[in-house]
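*Asks:* Attaching a single structure in structure tokens format; questions to follow.
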Amino acid sequence: MRALGEEGHDVIGLDVLASPHTTVVGSVADRACVRSCMAGVDAVVHAATLHKPHVESHRRAEFVDINITGTLNLLEEAVAAGVSRFVFTSTTSTFGRALTPEEGAPAAWITEDVAPVPRNIYGTTKTAAENVCELIARDHGLPCLILRTSRFFPEADDRDDVRSAFDDLNIKVNELLYRRVDIEDVVSAHLLALERAPAIGFGRYIISATSPFTRDDLAAIRHDLPSVVRRLFPDYEERYTQKGWRMFPSIERVYVNDRARHELGWSPRYDFRFALDRIAQGADPRSPLALSIGAKGYHEVSTGVYTAR
């Protein structure tokens, strides 16, 4: 909403909560509301969802209503309104249990070709929504691109043991190595997807910071991540010592963004190298957009990490 408005586009922001960037308060599960918003629209960016933190506070039926039925509502009304392109914000959580290899196995190399294995209702409904996107795209010729975004939320980590062991920004910079992306890079990917959708037709893309690792590193990063990071970034320990930070001992997967970079022409800026350079300058490694947006929480009333409503 911020970026498209700044570029001079006439934008409609549909959200369940009022905000400076909400023009219509409503839900994608409300077909009539969706229909009224779609009039005269040329392109749709569908980012509405129940997230993983809602698994503890919402029924599975609500995930189906929002993530699947809401997506179908938007797609069918987009077709009826003659919309020229549709971009769906999905998640790397669709991969589910495929993200965690067996004990002793190398880290998983995650591309768009990895088959999802359901882990929870969030990933399951997002995968189903992706399939609905593909069905409508192929049946009706609606150009539709799916962006499987990795972690870009500014909220604290949902794992108690990780939060207690690492500084919050330390966690996020570590994750840039394999499963995090800055929101400014997420936005640029969406803008490119809007531009490229008519030419591509249909596609799925992993949107994550470019990892420095290759397939040859997968065994090593599973059992001794610091040694690999030390080899690739000889200055990292000095930067981390300045901050009192630590590297994770190991990681279990790596997200690969090659397809998005090659087919969309996406050039993510905020990677681990960028973060180290910013730390060396005494600056915050996050983008201005990330700092401007800040943490919003996942519930109307949020007093903890992920407080149930």
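The values are calculated or read from the model by the stated rules, or taken from the named source; none is laboratory data. Since we're looking at a predicted model, the values are computed, not measured. Don't worry about glycine lacking a Cβ; one is built from the backbone with ideal geometry, like all the others, and counts go over all protein chains shown.
*Asks:* Please find, among ARG151, ARG159, the residue that is within 20 Å of the chain's Cα centre (by Cα), free of Cβ contacts under 8 Å to residues at least 12 places away in the same chain and closer than 21 Å to LEU99 by Cβ.
*Replies:* Going through ARG151, ARG159 in turn, the sole match is ARG159.
*Asks:* Let me ask something else. Kindly provide the set of residues from the range 127-179 that are more than 18 Å from GLU252 (Cα to Cα) and acidic (Asp, Glu), ordered by number.
*Replies:* GLU130, GLU134, ASP139, GLU155, ASP160, ASP167, ASP168
*Asks:* GLU112 - would you say it is among the charged types (D, E, K, R) and either within 17 Å of ILE66 (Cα to Cα) or at pLDDT 95 or above (or both)?
*Replies:* yes
*Asks:* Let me ask something else. Scan (1) of a type in the set (A, V, I, L, M, F, W, C); (2) in a loop (DSSP other than H, G, I, E, B); (3) surrounded by fewer than 20 Cβ atoms within 10 Å (Cβ to Cβ); (4) at pLDDT 95 or above for the single condition ALA156 breaks and write down its number.
*Replies:* So the condition that ALA156 fails would be (4).
*Asks:* Restricting the search to the range 176-203, which residues are surrounded by fewer than 20 Cβ atoms within 10 Å (Cβ to Cβ) and under 19 Å from LYS52 (Cα atoms)?
*Replies:* Result: ILE183, single match.
*Asks:* Which residues, counting only those in the range 4-36, are assigned to a loop (DSSP other than H, G, I, E, B), within 23 Å of the chain's Cα centre (by Cα) and surrounded by fewer than 12 Cβ atoms within 10 Å (Cβ to Cβ)?
*Replies:* Of everything in the range 4-36, those that are assigned to a loop (DSSP other than H, G, I, E, B), within 23 Å of the chain's Cα centre (by Cα) and surrounded by fewer than 12 Cβ atoms within 10 Å (Cβ to Cβ) turn out to be GLU7, LEU17, ALA18, SER19, PRO20.
*Asks:* Would you pick out the residues in the range 37-64 that are surrounded by 19 or more Cβ atoms within 10 Å (Cβ to Cβ), under 21 Å from the mean Cα position of the chain (by Cα) and part of a helix (DSSP H, G or I)?
*Replies:* LYS52, PRO53, HIS54, PHE63
*Asks:* Test each condition in (1) buried (at least 18 other Cβ atoms within 10 Å of the Cβ); (2) at positive phi for GLY104 and report the one that comes out false.
*Replies:* It fails just one condition, (1).
*Asks:* If you don't mind, there's one more thing I want to ask. Name the one entry in VAL114, VAL132 that is without any contact (Cβ under 8 Å) to a residue 60 or more places away in the chain and among the aliphatic types (A, V, I, L, M).
*Replies:* VAL114
*Asks:* Return yes when ALA107 is of a type in the set (A, V, I, L, M, F, W, C), within 23 Å of the chain's Cα centre (by Cα) and under 30 Å from ASP224 (Cα atoms) and no when it is not.
*Replies:* Yes; evaluated as a whole, the condition is true for this residue.
*Asks:* Okay, next question. Might you check whether a residue that is surrounded by fewer than 13 Cβ atoms within 10 Å (Cβ to Cβ) and either outside any loop (DSSP other than H, G, I, E, B) or modelled with pLDDT of 95 or more (or both) occurs anywhere in the range 296-308?
*Replies:* Checked against the condition, which is being surrounded by fewer than 13 Cβ atoms within 10 Å (Cβ to Cβ) and either outside any loop (DSSP other than H, G, I, E, B) or modelled with pLDDT of 95 or more (or both), the range 296-308 yields no hits at all.
*Asks:* Would you check which residues across the range 218-227 are small (Gly, Ala, Ser) and in contact (Cβ under 8 Å) with a residue 40 or more places away in the chain and list them?
*Replies:* ALA219
*Asks:* Looking at the range 107-119, which of its residues are in a strand (DSSP E or B) and surrounded by 17 or more Cβ atoms within 10 Å (Cβ to Cβ)?
*Replies:* ALA108, TRP109, ILE110
*Asks:* Among the candidates ARG253, ARG215, ARG230, ARG278, which residue alone is surrounded by fewer than 21 Cβ atoms within 10 Å (Cβ to Cβ) and either in contact (Cβ under 8 Å) with a residue 24 or more places away in the chain or acidic (Asp, Glu) (or both)?
*Replies:* Checking each option against the conditions leaves just ARG215.
*Asks:* Quick one: how many residues across the range 67-90 are surrounded by 22 or more Cβ atoms within 10 Å (Cβ to Cβ) and either out of contact with any Asp or Glu (no Cβ under 9 Å at 6 or more places or on another chain) or over 18 Å from ARG35 (Cα atoms) (or both)?
*Replies:* 8
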